[in-house]
Amino acid sequence: MSDTNRVRLAYVEEGVLGQTPATPTLRTARITGESLVFQITNTTSNELRADRMTADLVQTGAQVGGDLNLELSHPLSGSFVGDMMAAALFNHWVERPERIGPPACGAVSGGATFGVASTTGFAAGQLIATSGYTSAANNGLFRITTVGAGLTVAGALVNEPATANSRIKLVGLEAASGQISAVADGLAATGLDFTTLDLAVGQFIRIGGATAGTRFATAGTNGFARIAAIAPAKLTLDNRPAGWAADAGTGVTLHLFLSDRLVNGVTRRSFTIERWFQDLTAELVVMRGMVPGRFDLTVAAQEIATAQIGFVGMMAEHATTPLGPALPATAEPVLNAVANVGRIAEGGETVSGPNFIRRFTMKLNNSLRERQAIGTLGLVDVGAGRIDLSGEIETYFGSSALYQKYLDGAETSLSIRVEAAGRALVLQLPLVKFESGRVNAAGANQDVMAELTWRAIRDPLTDAMILIDRFDRAA
């Protein structure tokens, strides 16, 4: 007998739909449960027999698919949740330079230099976040002072080799005093060209560091904001912090944190998934051509944030040996709706009292189609249709502000930001309409709740329906 706690799920991306790479290195998945199944379709013969017996039961088809359930954590590059989030959006992350483990990460030397196999993409004045080194002194936020054979930083390091978990990630820049200033509707720059920073309209940035010397003196001008327009000497921002005001930025070396970004696309991605019953002898199931068709997200009061990924696959088979080695799962903390939700916004403004949100859900469906053909048990291909992106928000009913937008058929936007351990994730739906709404007194001794379902549509400013910003460092 097998125990659920001894089941290991691992995956590897395919280059060709349904074909596992020749020498795969898999990644262990972090899940709370799964319902992946290989289902054979059997058809009973309709042959007439004088003895009234059934002539045969014939295999006529096969399907593989199901769901993976997980608790949301920060989607680091190469992590299960990061890979599946991107695949469900039919795209790849646009990532800032990163080096992970040897040989990409080299030894720390000279008490101030991180070794890297390639310095491409790094420059003096940039901020890097490092993690996974044995010495705590080598893990943190550093400013690059010189780019040579390695990355020399400001600060005292401890000489040591890199580990398999070592990471060096470009996360932002440090501006000179007065180089970046806050103006009425955004940021202005002197001696810095914003168009060289690989930014995009609709992308969030994080303004200000953790210490007074790296932040604007005007407290309300520090925080997250969204890019509305990009010019060489100016970033026009919306979704600005509530206390935004002009600030010359003199006397501080301002930290500006930049994200990796993800937007819905058209690139179908597929995976081979291996389910290994490790408490049994040689019992594995290998599922190929697994395409993420659904991605559901739930954030509810007093609960862990959860997600569910639904797959449609090509074929599955029993195996007696693993496909190859599997990298361990990443160990980012699980996110919850109490300590980790930094902001939920509607129309660019934080939703708070009196309409406190109790529940936020999102359901993304890629409208996948199974393609069968004569002579093939299983599928020959997986088709993709239109993105169907919808969800629900449930709020305490304190005013009709949100409900009125449903009645008016008004356009609005939704976004949610989650933060943990100095990292942040911003998910935004730049253009939505409320599809249905109701406000009811369900019974005695209860709160009146407003339940609004929403549907995302194409936003002409960003040419997107969903955008996700991943900050591997946000302070």
* Asked: Taking the condition of a type in the set (D, E, K, R), crowded, with 20+ Cβ neighbours inside 10 Å and out of contact with any helix residue (DSSP H, G or I) (no Cβ under 9 Å at 6 or more places or on another chain), does Lys405 pass?
  -> yes
* To do: Please report, ordered by residue number, the strands (runs of 3 or more DSSP E) entirely within region 1-45 with at least 3 residues that are farther than 20 Å from Glu283 by Cβ and touching a strand residue (DSSP E or B) at 6+ places or on another chain (Cβ under 9 Å).
  => 37-44
* To do: Collect the residues in region 373-394 that are crowded, with 17+ Cβ neighbours inside 10 Å and in a loop (DSSP other than H, G, I, E, B), keeping them in residue-number order.
  => Gly378, Leu379, Ile387
* **Check on Val426, over 20 Å from the mean Cα position of the chain (by Cα), crowded, with 20+ Cβ neighbours inside 10 Å and under 23 Å from Gly293 (Cα atoms)** => no
* Asked: How many residues does region 205-263 contain that are crowded, with 16+ Cβ neighbours inside 10 Å, free of Cβ contacts under 8 Å to residues at least 40 places away in the same chain and in a strand (DSSP E or B)?
  -> 4
* Structure fact -> Going through region 110-132 in order, the residues found to be in contact with a Phe, Trp or Tyr (Cβ under 9 Å, 6 or more places away or on another chain) and either more than 19 Å from Thr253 (Cα to Cα) or in a loop (DSSP other than H, G, I, E, B) (or both) are Phe114, Val116, Thr130
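Return the residue satisfying two criteria in turn: it lies in region 306-316 and is of a type in the set (A, V, I, L, M) and either buried (at least 21 other Cβ atoms within 10 Å of the Cβ) or at pLDDT below 95 (or both), and of such residues it is farthest from Ile416 (Cα to Cα).
Filtering first and then ranking leaves Ala316.
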* **Search result, residues across region 445-460 that are part of a strand (DSSP E or B) and either without any contact (Cβ under 8 Å) to a residue 40 or more places away in the chain or more than 18 Å from Gly398 (Cβ to Cβ) (or both)** => Thr453, Trp454, Arg455, Ala456, Asp459
* Asked: Has region 315-322 got at least one residue that is over 26 Å from Thr25 (Cβ atoms), touching a residue at least 60 places away in the same chain (Cβ under 8 Å), assigned by TED's automatic domain parsing to the domain that holds Gln404 and part of a strand (DSSP E or B)?
  -> no
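The values are calculated or read from the model by the stated rules, or taken from the named source; none is laboratory data. Predicted model, so just to flag it, every value in this text is computed and none were measured. Note that each Cβ is placed from the backbone with ideal geometry, even for glycine, and that neighbours are counted across all protein chains shown.
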